[in-house]
Every structure is written in C-alpha cells, then in structure tokens.
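Visitor: The structure that follows is given in the form of structure tokens.
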Amino acid sequence: MEKEYSLSQESILEQLETTEAGLTSEQAAQRLEKYGPNKLKEAEKATLFQKFLAQLKDPMLIILMIAAGVSALTGMLSGENEWAEVIIIMAVVLLNAILGVIQESKAEAAIEALQTMTAATCKVLRDGKMVIMHSDELVPGDVVLLEAGDAVPADGRLLESASLKIEEAALTGESVPVNKVIEALGVDTEADVPLGDRKNMCYMGSTVVYGRGKAVITRTGMDTEMGKIAGVLAATEDEQTPLQRKLDQLGKALSWIVLGICVFIFGFNLFMARAQLAVQGHALSVILETFMVAVSLAVAAIPEGLATVVTVVLSIGVTNMSKRNAVIRRLTAVETLGCTQVICSDKTGTLTQNKMTVVEHMGDGELVATAMALCSDAALNEQDQAEGEPTECALVNFACKLGLKKQDLEAKTPRVDEAPFDSGRKMMSTVHAVNGNFVQYTKGGPDVILQRCTHYWENGKTEPMTDAKREEIMAANKAMADKALRVLAAAMRFWDEKPADNTPEYLEQELIFVGLTGMIDPVRPEVKAAIEECRAAGIRPVMITGDHKDTAVAIAKELGIITDASEAITGAELDNISDDEICEFVKKYGVYARVQPEHKTRIVTAWKANGAITAMTGDGVNDAPSIKSADIGVGMGITGTDVTKNVADMVLADDNFATIVAAVGEGRRIYDNIRKAIQFLLASNMSEVLGVFFASILGFTLLNPVHLLFINLVTDCFPALALGMEKAEPDTMTRPPRNSKDGIFAGGLGFDVIYQGVLVTAITIGAYLVGSFMEFNADAAGWFGKLVAEGSSGHGMTMAFLTMSMCEIFHSFNMRSQRKSVFTLKGQNVVLWAAMLGSLLLTTAVIEVPFLANAFGFTMIGWTEYGIAMGLAILVIPVVETVKFIQRLFTKK
C-alpha cells in the first residue's frame with residue numbers, strides 16, 4: 001500500500017478490508033498466517049555445534065587438551081601405553097563443553113521467558129470489543145486505541161485524535177512531540193510527504209506522550225518504517241552484573257598468578273632433576289613429567305565451576321522472583337537490590353489496593369455524578385462494572401449506583417470534544433451536545449478547579465462565587481481529606497455553540513462549581529508488615545503521591561511511613577528548595593504530596609547525592625526519567641505504561657509495595673549465597689594449589705591433573721550449586737544494607753578463604769603422609785626418604801584424594817553461613833545433602849571400583865586408611881566452627 005497518508009479514512013479502511021470496529025478473530029487469524037507476527041527480524045542464533053565450538057575456546061579447556069596430549073606423549077615415550085588418563089581428561093573436556101552448551105541454552109530460554117512476560121501489549125478492537133493483547137499478534141487492518149504512555153505497536157493511519165501528541169525521535173530524530181491530525185495529507189501533489197510531516201500517521205518505535213487516539217494498522221513487522229531502518233534487530237547483548245565483572249577480573253588475575261607459579265615450579269623441578277636430565281634418553285620424559293606437575297597446578301588454581309555457579313544461581317533467583325511477581329529485566333538489578341537503602345513508592349495501587357470507591361460527596365448528588373461520569377474515559381461492562389483508570393472507575397460506578405449508567409448519559413449527551421487530563425494542570429474537560437446547545441464538564445483537584453470557578457451551582461441555579469463559599473468548599477475538601485479520602489472537584493460551563501478551540505487554556509475558565517466527591521483506596525493489608533520489614537532491614541520507605549497532603553499524611557501514618565505531619569512536604573514547597581539544599585532536606589521527609597513527575601527526579605537525584613542506593617516506582621510516561629535515573633527503576637505491570645516498563649530494571653506484576661520488599665530480601669539472599677559459593681570454591685582451589693605447590697617443593701606428587709579435575713568438577717561444583725539454593729538466613733532482613741562499593745572479599749571473606757584453604761591443605765598433606773607411611777611401613781625409619789626417592793605413593797595419593805574430596809564436601813556445610821554456627825541454623829538444605837551423598841558415592845566408586853581405580857591410578861586401601869581419611873576430613877567442621885566462634889566474639893566487642 002503506497003501513500004496511506006494521502007488516503008481518506010474511508011479509503012484506507014476499504015483498502016484494508018476492515019472497519020472502525022476492527023477485525024473479527026477469524027479475520028485476524030487468517031492475516032496473522034499471511035503476514036506473520038508483528039516483530040522485527042532478530043539476528044540468527046548460534047547453532048548447538050557453534051555453541052559447542054565456542055565452549056572449546058575456553059582457556060581452561062585448551063590447557064586440559066594440551067595436558068591430555070602431553071599425557072599421551074609421556075605414555076608412548078615410557079612404553080606404558082596407558083590411555084586411561086587421556087580418555088578421562090578428554091571426557092571431562094567434552095562433558096564441560098556439553099554442560100556449558102546446556103547452561104547457555106537454559107539461560108537463553110530463561111531470558112526469552114522473561115522477555116515474554118514483559119512483552120509489549122496494546123489495546124485492540126477485536127470482534128467489536130476492546131481487548132489487550134501482545135503487540136506481536138497485530139495484523140494489518142486491526143484498529144488500536146492509543147493513550148499517553150503507550151508505545152505505538154505498528155505503523156498505522158489515525159482515525160481519531162484527541163489532542164494526540166507522539167514523540168517520534170527514534171525515527172525522525174526530532175525530539176519535539178508531533179501534534180497529530182486525522183485529515184488526509186499530500187492529496188494535491190505527487191511528491192512524497194517527508195516521514196516527519198506525516199501527521200496523520202503513527203509509527204512503530206514512537207511513543208504517545210499526550211492525549212488519546214485511534215488508528216488502523218497499515219503495516220506490521222519488517223514492513224514498518226522501523227523495520228526498513230533496522231534491517232535486522234541485533235539480539236539482546238549479554239549483560240554482566242558488577243559481581244560477574246569482578247569475577248572476570250579475579251579470573252584474569254588468577255591466570256597470571258598461576259602462570260607465574262607454574263613457571264616457577266617447572267623451573268624449580270627441572271633444577272632439582274638436573275641429574276636425571278643429564279642421563280641419556282631421560283631428558284624428554286623428565287621435562288614432560290615436570291610439565292604435567294605445572295599443568296596440575298594450573299588445573300588446581302582455576303575454579304572451573306565458578307562462572308557457571310554464579311550464572312546458575314542468578315538465573316534461579318530471577319526465576320524465583322518472577323514467580324513472586326517481581327519480573328527482573330536486567331541482571332544487575334538482582335545485585336543492586338541487596339544494597340537498596342531507600343524505596344520511593346507511589347501511593348495509589350502500590351501502597352493501596354487501587355480499588356477506589358466514592359464514599360462521600362458535596363453538592364447535588366445526581367449532577368455531581370453526571371459530571372464526573374461523563375468527564376471520564378472509564379466505561380461500564382456488561383456486568384455494570386466500570387473498566388478503565390481506577391479513579392474514573394470509582395466515579396462511573398458512583399453514578400451507576402444512583403441509576404445513572406454512563407452509556408445512557410452518553411446517548412443523551414454525546415461527547416463532541418475534549419481536553420485530556422495531564423499531570424501538569426491536574427484537570428480534564430469534555431464537551432457534550434445537549435438539546436442543540438453544548439455543556440462542558442471539568443474535573444480535577446479541588447484547588448485547581450476552584451481557582452477557575454467564577455460561579456457555583458446550588459438549588460438548581462447558578463450563583464456568583466463568594467469568599468465565604470470558597471471557604472465552605474475548602475472546609476468540606478479538608479474534612480474529606482482528613483479522613484484519607486481522595487477528593488475531586490467537578491465544574492461545568494455552558495456554550496451556545498461548540499467551542500472553537502479545545503485547548504485547556506480556552507476551555508478551563510469561568511467555570512461553575514458543581515461539587516466534590518471523596519473516595520478512598522484502602523491500604524493493601526500486607527503493606528504495613530512490609531514497611532516494618534523495611535525499617536528492620538535499614539531501608540527508608542518514602543511515599544510520593546499526587547494526592548492532597550492531608551490524604552497522604554493519613555495513609556502514611558496508618559502504614560507507619562511517618563509519625564508526624566511535619567515529615568510531609570508538597571511539590572510546591574519542594575520548588576522553593578534549592579538544588580544545594582535539597583540533599584539535606586530529603587532526609588527530613590517521608591511523604592511528598594501533590595508532586596509532579598519532575599519532582600520525582602529531583603528526589604532521586606538528591607538521595608543518590610547522599611550516597612543512598614535508591615529504588616523508585618512509577619507508572620506514567622512522565623515517570624520514565626525518574627525511573628531511569630534511580631539505581632533500581634521499578635515499573636508497574638498492571639497500571640504502568642509501556643514506556644516506564646521499558647526503562648525499568650524490575651516490573652511488578654501485581655503493582656504491590658510488598659513485592660518490592662520481598663524482592664529486596666531475595667536479592668540479599670542471592671548475593672549472600674553467591675558469596676558463599678565463591679568462598680567455598682576459592683578456598684577449595686587454594687587448598688589444591690597449596691597442596692600441589694608444597695608437595696612439589698618437598699619432592700613428591702600429591703595429586704595428578706585428572707584427580708584435581710574430578711574434585712573441581714564433581715566434589716566442588718555440586719555443593720557450590722547447592723549453596724546457591726540455601727534459604728535466607730534469619731537476619732537477612734534485620735541487618736543494614738551492604739555497601740554497594742564492597743568488593744568480593746569484603747566482610748572478612750578474603751581472610752576466610754586463606755585460612756580455610758591452608759586448613760584443607762594441611763589436612764590433605766597429613767593424609768598423604770599417613771598413607772605413604774602405611775605403604776612404606778617395612779622401613780619406618782626411612783619412609784619419607786623412600787617417598788621422595790619414589791616421587792609418589794599410591795596409598796598416599798589415594799588417601800589424599802579421598803581426604804580432600806570429603807574435606808571439601810564437609811566444608812560446604814560450614815559455608816551455609818559465613819559467621820553463624822551450622823548447628824544453630826533452622827531447617828536443612830536438602831539439595832546440599834543430596835550433593836554430599838552423590839559426591840561421597842562417586843568418590844568412593846572411583847577409589848573402590850577396580851577399573852575406575854586403575855584408570856585414576858589409585859591403589860586399594862583398607863577400612864583403616866578409609867576411616868583415617870574420613871576422620872581427618874571431618875576435622876574441617878570443628879576447626880571452622882571454633883574460628884567462627886572467635887570471630888563472633890570479636891564482632892560483638
């Protein structure tokens with residue numbers, strides 16, 4: 001279809017074979033089959049084989065493959081022709097790559113699922129009814145309804161425009177919103193009208209910033225103007241959290257340290273073996289064996305499972321949050337949530353139930369109800385229940401209870417023009433035809449309405465406004481507000497003919513005051529407990545609302561956000577505070593009433609300037625800047641506009657404040673568990689490094705690369721993953737938020753890693769020496785010299801493997817809490833017990849099953865050695881418990 005902007009409304013509807021009432025479901029299904037989904041083409045995803053090859057590029061796996069090659073070469077040169085170690089190493093490489101592919105695929109699936117949960121929706125007329133559906137289901141010929149805050153879902157020709165303004169910067173680069181019209185353009189010329197001048201069109205990628213409208217969809221998907229520009233939409237880039245970036249840096253640092261140690265060990269061992277190097281035919285074999293020791297050190301030092309564990313724990317945490325109505329749109333939010341110090345929340349729908357009900361009114365009841373119902377966009381459904389914006393629903397339901405159904409009122413007095421509501425002036429006006437004349441109804445905040453009233457309606461007639469009447473109205477307003485009611489005022493104006501101009505400035509003057517309505521939105525029952533939990537967790541709750549100050553104070557006091565009215569301030573008062581002063585002022589106030597969207601940004605900026613990690617909620621299009629500037633931007637899933645959801649870090653599926661607090665608790669739990677896993681893995685790897693290093697210095701081989709691989713990928717990985725599923729500790733939400741600038745090793749974690757690594761090293765070398773002594777017991781006096789001469793001990797290596805494996809498994813139970821005694825924790829980590837049992841069975845199988853023991857180079861050990869190894873391994877629990885006890889005493893002091 002060419003130049004749809006030049007066609008009349010009738011022509012465009014005819015060409016698209018549709019009507020202003022939209023398509024039927026059957027027509028839409030046929031067109032969806034024909035045109036495909038309304039989404040831009042995505043970059044092609046890597047195949048499974050490509051993902052597998054990418055996994056093999058990992059430096060750790062490359063080192064292992066080199067080790068396998070060297071092991072094979074050593075076997076051939078020695079004539080032993082043993083391929084067991086080579087096969088095991090290559091099997092580990094393949095298994096690691098396959099697991100990596102599986103994890104990557106699961107992560108992609110999880111991200112796609114979350115994207116589906118936060119997918120853009122639109123309001124469409126289907127089968128003559130308005131339905132909300134995913135934007136990718138739109139087809140040409142669909143009729144969509146647009147209002148402030150909506151993202152335009154596809155290209156369309158406008159059929160209605162009520163002060164509609166659309167921001168099209170993404171397409172045209174023009175930042176000023178475009179005033180939209182419905183008349184045909186470019187009818188008298190063959191030249192194309194530039195994209196930015198097609199004022200009767202709306203385009204995918206643009207945003208409605210004011211007013212409302214209706215459009216018929218002309219193009220979808222790649223046929224849209226956005227599709228032509230984009231060509232191919234790049235897949236979402238992987239986003240790393242600060243913690244993941246720190247771990248990457250740690251990995252790189254570890255690699256350099258390991259390289260240095262490996263070079264040192266390689267050189268030192270060659271120096272010690274210089275006599276053997278001089279023997280003809282031995283040099284290459286000695287060099288290769290020395291290289292394998294260095295490779296063992298590299299394998300021991302690098303925590304292969306660390307990145308996987310962090311990714312899996314984050315993924316599981318994000319999934320759990322989504323089940324609790326907190327949809328995380330950016331992984332960084334999970335980490336930042338645990339640091340949150342201030343939560344700035346909207347009142348309506350978040351702290352309250354968003355079920356407004358009119359409970360009081362002032363003035364002629366029927367006239368007030370008529371004015372309020374007609375001056376709203378909510379409508380009654382078949383069950384006579386209003387649907388639309390909550391406040392307007394309350395007004396329409398109020399009229400319905402008085403026998404004034406909105407559809408009947410509109411039939412008698414149809415709307416012919418309007419000045420839509422906007423948060424700047426806090427009013428809305430509609431113009432209606434009645435018996436050849438016209439009447440205007442205006443509703444809004446009592447203060448702004450009253451300023452524009454020159455008369456008032458009483459006893460069926462108009463009277464001039466007096467100061468006494470103003471005081472009476474404001475007294476009634478305050479009486480309602482003191483009861484925590486939301487108060488709206490209604491006014492009207494008579495016209496002999498339809499107003500020539502529908503701008504607010506023209507319409508909203510010389511009004512006749514009609515009356516007030518007082519409505520209440522009850523607080524959510526779970527929010528008070530959530531506020532108390534915030535306080536206990538060192539988090540400052542702040543209420544921000546457009547409501548009257550008295551109403552806001554009453555609700556805030558009920559919830560425990562403030563205790564005195566002096567802790568509340570209005571937007572007007574905030575305007576009188578300079579940018580230099582505001583940083584100190586925000587600390588004094590817990591309630592901000594009658595605020596405008598720009599005030600929210602000032603409040604967030606001030607808290608951030610104080611160094612506080614701040615969360616900010618919002619739903620309207622004008623809230624987007626404050627949400628974007630907050631450390632945690634929280635969008636509303638029910639009442640939120642597409643614009644706010646798109647810039648938010650987290651979307652609340654239930655618009656509930658308690659969900660934010662629960663998400664903070666979950667964020668703290670996830671971060672704590674990741675630190676536990678990091679501490680466990682790093683301490684385990686340190687014990688392996690130190691063990692291999694000191695054994696090399698002493699002249700014997702503690703463990704081979706294949707043994708260390710088994711420990712890293714089996715004994716360590718599964719308990720680490722299980723630690724990631726640990727329940728929150730009792731004090732998770734009773735301690736202050738952690739400092740966002742804290743590093744990985746903050747809070748004594750670095751010390752813990754070092755002493756626990758040294759402890760496991762000492763226990764493992766002890767077990768090795770015990771095994772060696774028992775193997776060489778025929779010559780007890782010179783057993784150590786024999787060990788050094790032999791270079792290794794089968795019994796010693798087997799006992800060291802068993803002891804290190806079980807020591808790390810037992811140590812994982814220590815890691816259930818960094819400081820608390822494991823014996824005081826309530827409940828059990830079933831997954832950790834399963835990991836322990838599985839690791840114990842696999843470790844025992846590797847030692848006791850003959851063909852596996854031969855493959856790993858182990859010797860059969862008796863029950864005595866087995867018992868000694870287990871006894872040494874379990875020592876890690878009482879020693880760490882003792883250190884924890886001392887640390888707790890030191891912390892108290």
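Visitor: Go through the range 514-552 and give me each residue that's under 11 Å from residue 589 (Cα atoms) and open to solvent by 10 Å² or more (accessible area, probe 1.4 Å).
Guide: Listed by number, the list holds a single entry, 540.
Visitor: Being part of a loop (DSSP other than H, G, I, E, B) and among the hydroxyl-bearing types (Ser, Thr, Tyr) is the filter; apply it to the range 327-353 and report the residue that is surrounded by the most Cβ atoms within 10 Å (Cβ to Cβ).
Guide: So, considering only residues that are part of a loop (DSSP other than H, G, I, E, B) and among the hydroxyl-bearing types (Ser, Thr, Tyr), the one surrounded by the most Cβ atoms within 10 Å (Cβ to Cβ) is 350.
Visitor: I need the full set of residues from the range 821-850 which are surrounded by fewer than 11 Cβ atoms within 10 Å (Cβ to Cβ) and among the hydroxyl-bearing types (Ser, Thr, Tyr), in order please.
Guide: 824
Visitor: Could you count how many residues in the range 140-168 are open to solvent by less than 30 Å² (accessible area, probe 1.4 Å) and in contact with a Phe, Trp or Tyr (Cβ under 9 Å, 6 or more places away or on another chain)?
Guide: Looking only at that region, the number is 9.
Visitor: Read through the list (1) modelled with pLDDT of 95 or more; (2) open to solvent by less than 20 Å² (accessible area, probe 1.4 Å); (3) more than 30 Å from residue 556 (Cα to Cα), then give the number of the only condition that residue 508 fails.
Guide: For residue 508, the failing item is (1).
Visitor: Continuing with the same structure: Need a quick list: strands (runs of 3 or more DSSP E) entirely within the range 434-502 having at least 1 residues that are crowded, with 21+ Cβ neighbours inside 10 Å and at negative phi.
Guide: In the range 434-502, 437-444, 453-458, 486-495 are the strands (runs of 3 or more DSSP E) which contain 1 or more residues that are crowded, with 21+ Cβ neighbours inside 10 Å and at negative phi.
Visitor: If you don't mind, there's one more thing I want to ask. Within the range 304-326, count every residue that is β-branched (Val, Ile, Thr) and open to solvent by 20 Å² or more (accessible area, probe 1.4 Å).
Guide: Filtering the range 304-326 down to residues β-branched (Val, Ile, Thr) leaves 308-313, 316, 318-319.
Retained after the next criterion (residues that are open to solvent by 20 Å² or more (accessible area, probe 1.4 Å)): 308, 311-312, 316, 319.
So the count comes out to 5.
Visitor: Given the conditions (1) under 38 Å from the mean Cα position of the chain (by Cα); (2) open to solvent by 40 Å² or more (accessible area, probe 1.4 Å); (3) at pLDDT 85 or above, report the number of the one that residue 36 does not fulfil.
Guide: (2)
Visitor: Restricting attention to the range 421-433, and to residues there that are open to solvent by 20 Å² or more (accessible area, probe 1.4 Å) and under 21 Å from residue 148 (Cα atoms), which single residue is modelled with the lowest pLDDT? Give the steps one after another, and end with the answer.
Guide: First, pick out the residues of the range 421-433 that are open to solvent by 20 Å² or more (accessible area, probe 1.4 Å): 421-426, 433.
Of the ones still in play, those that are also under 21 Å from residue 148 (Cα atoms) are 421-426.
Values: 421: 85, 422: 80, 423: 72, 424: 77, 425: 84, 426: 85.
Only one residue tops the list, namely 423.
Visitor: Kindly provide the set of residues from the range 407-420 that are surrounded by fewer than 23 Cβ atoms within 10 Å (Cβ to Cβ) and within 41 Å of the chain's Cα centre (by Cα), ordered by number.
Guide: 418, 420
Visitor: For the range 389-426, enumerate the residues that are assigned to a strand (DSSP E or B) and either closer than 18 Å to residue 516 by Cβ or touching a Ser or Thr at 6+ places or on another chain (Cβ under 6 Å) (or both).
Guide: 415, 418, 419, 420, 421
Visitor: I've got another one for you. Cβ-Cβ under 9 Å, sequence separation 6+ or interchain: first residue in the range 749-764 and without any contact (Cβ under 8 Å) to a residue 24 or more places away in the chain and in a helix (DSSP H, G or I), partner surrounded by fewer than 22 Cβ atoms within 10 Å (Cβ to Cβ) and of a type in the set (Val, Ile, Thr). Which pairs?
Guide: Correct list of pairs: 750/744.
Visitor: Could you look through the range 558-608, keep only residues that are of a type in the set (Lys, Arg) and out of contact with any Gly (no Cβ under 6 Å at 6 or more places or on another chain), and pick out the one that is farthest from residue 352 (Cα to Cα)?
Guide: Only one residue tops the list, namely 608.
Visitor: Is there a residue in the range 5-16 that is surrounded by 13 or more Cβ atoms within 10 Å (Cβ to Cβ), more than 42 Å from the chain's Cα centre (by Cα), in contact (Cβ under 8 Å) with a residue 60 or more places away in the chain and not in a helix (DSSP H, G or I)?
Guide: yes
Visitor: Could you grab me the full set of residues in the range 354-376 that are surrounded by fewer than 18 Cβ atoms within 10 Å (Cβ to Cβ) and either outside any helix (DSSP H, G or I) or hydrophobic (A, V, I, L, M, F, W, C) (or both)?
Guide: Matches in the range 354-376: 355, 357, 359, 360, 364, 367.
Visitor: Right, here's the next one. Has the range 683-696 got at least one residue that is among the hydroxyl-bearing types (Ser, Thr, Tyr), open to solvent by less than 20 Å² (accessible area, probe 1.4 Å), at pLDDT below 85 and assigned to a helix (DSSP H, G or I)? Let's see the steps before the verdict.
Guide: Step one: list which residues in the range 683-696 are among the hydroxyl-bearing types (Ser, Thr, Tyr), which gives 684, 687, 696.
Now drop any that are not open to solvent by less than 20 Å² (accessible area, probe 1.4 Å), which leaves 684, 687, 696.
Narrowing the set further to residues that are at pLDDT below 85 leaves 696.
Imposing the further condition that a residue be assigned to a helix (DSSP H, G or I) reduces the set to 696.
Yes - at least one qualifying residue is present in the range 683-696.
Visitor: Additional query: Hey, any hits in the range 290-303 for a residue that's in a helix (DSSP H, G or I), aromatic (Phe, Trp, Tyr) and either surrounded by fewer than 18 Cβ atoms within 10 Å (Cβ to Cβ) or at pLDDT 90 or above (or both)?
Guide: Taking every residue of the range 290-303 in turn, none turns out to be in a helix (DSSP H, G or I), aromatic (Phe, Trp, Tyr) and either surrounded by fewer than 18 Cβ atoms within 10 Å (Cβ to Cβ) or at pLDDT 90 or above (or both).
Visitor: Turning to a different aspect of this structure: Just to verify a result, which residue in the range 39-81, among those that are modelled with pLDDT under 70 and within 29 Å of the chain's Cα centre (by Cα), is surrounded by the fewest Cβ atoms within 10 Å (Cβ to Cβ)?
Guide: If we take residues in the range 39-81 being modelled with pLDDT under 70 and within 29 Å of the chain's Cα centre (by Cα), then 44 is surrounded by the fewest Cβ atoms within 10 Å (Cβ to Cβ).
Okay, residues lined up against (1) in contact with a helix residue (DSSP H, G or I) (Cβ under 6 Å, 6 or more places away or on another chain); (2) in a helix (DSSP H, G or I); (3) not polar (S, T, N, Q):
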{"residue": "529", "(1), (2), (3)": "no, yes, yes"}
{"residue": "532", "(1), (2), (3)": "no, yes, yes"}
{"residue": "551", "(1), (2), (3)": "yes, yes, no"}
{"residue": "563", "(1), (2), (3)": "no, no, no"}
{"residue": "581", "(1), (2), (3)": "no, yes, yes"}
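Visitor: Additional query: Does residue 704 qualify as being in contact with a Pro (Cβ under 9 Å, 6 or more places away or on another chain) and closer than 30 Å to residue 267 by Cα?
Guide: no
Visitor: Are any of the residues in the range 735-743 over 19 Å from residue 679 (Cβ atoms), among the basic types (Lys, Arg) and either in contact with a Lys or Arg (Cβ under 7 Å, 6 or more places away or on another chain) or open to solvent by 30 Å² or more (accessible area, probe 1.4 Å) (or both)?
Guide: yes
Visitor: Please indicate, with yes or no, whether at least one residue in the range 704-722 is touching a His at 6+ places or on another chain (Cβ under 9 Å) and of a type in the set (A, V, I, L, M, F, W, C).
Guide: No: zero hits.
Visitor: How many of the residues in the range 697-712 are assigned to a helix (DSSP H, G or I) and open to solvent by 10 Å² or more (accessible area, probe 1.4 Å)?
Guide: 3
Visitor: Identify all residues within the range 620-657 that are at pLDDT 85 or above, farther than 23 Å from residue 608 by Cβ and surrounded by 23 or more Cβ atoms within 10 Å (Cβ to Cβ); write none if there are none.
Guide: Those that are at pLDDT 85 or above, farther than 23 Å from residue 608 by Cβ and surrounded by 23 or more Cβ atoms within 10 Å (Cβ to Cβ): 655, 656.
Visitor: What are the pairs with Cβ atoms under 7 angstrom where one residue, in the range 341-352, is of a type in the set (Asp, Glu) and the other, located anywhere, is at pLDDT below 95? Sequence gap at least six, or different chains.
Guide: These pairs meet every condition: 346/544; 346/545; 346/617; 346/618; 346/619.
Visitor: On to the next question. Does residue 801 satisfy the criteria of being closer than 30 Å to residue 341 by Cβ and aromatic (Phe, Trp, Tyr)?
Guide: In short, no.
Visitor: Could you tell me how many of the residues in the range 863-893 are at pLDDT below 90 and within 23 Å of residue 706 (Cα to Cα)?
Guide: Adding up the residues that qualify gives 2.
Visitor: Testing residue 868 on (1) closer than 29 Å to residue 309 by Cα; (2) part of a helix (DSSP H, G or I); (3) open to solvent by 30 Å² or more (accessible area, probe 1.4 Å), one condition comes back false. Which one is that?
Guide: With (1) closer than 29 Å to residue 309 by Cα; (2) part of a helix (DSSP H, G or I); (3) open to solvent by 30 Å² or more (accessible area, probe 1.4 Å) applied to residue 868, the lone miss is (1).
Visitor: For the list (1) at pLDDT 90 or above; (2) open to solvent by less than 20 Å² (accessible area, probe 1.4 Å); (3) of a type outside the set (A, V, I, L, M), I need the number of the one condition that residue 589 fails.
Guide: Residue 589 satisfies every listed condition except (2).
The values are calculated or read from the model by the stated rules, or taken from the named source; none is laboratory data. Not measured: the values here are computed from a predicted model. Because the Cβ atoms are built from the backbone with ideal geometry, glycine has one as well, and the counts that use them run over all protein chains shown. Calculation scope for accessible area: heavy atoms of the full protein, side chains included, ligands and nucleic acids excluded. Shrake-Rupley method; radii C 1.70, N 1.55, O 1.52, S 1.80 Å.
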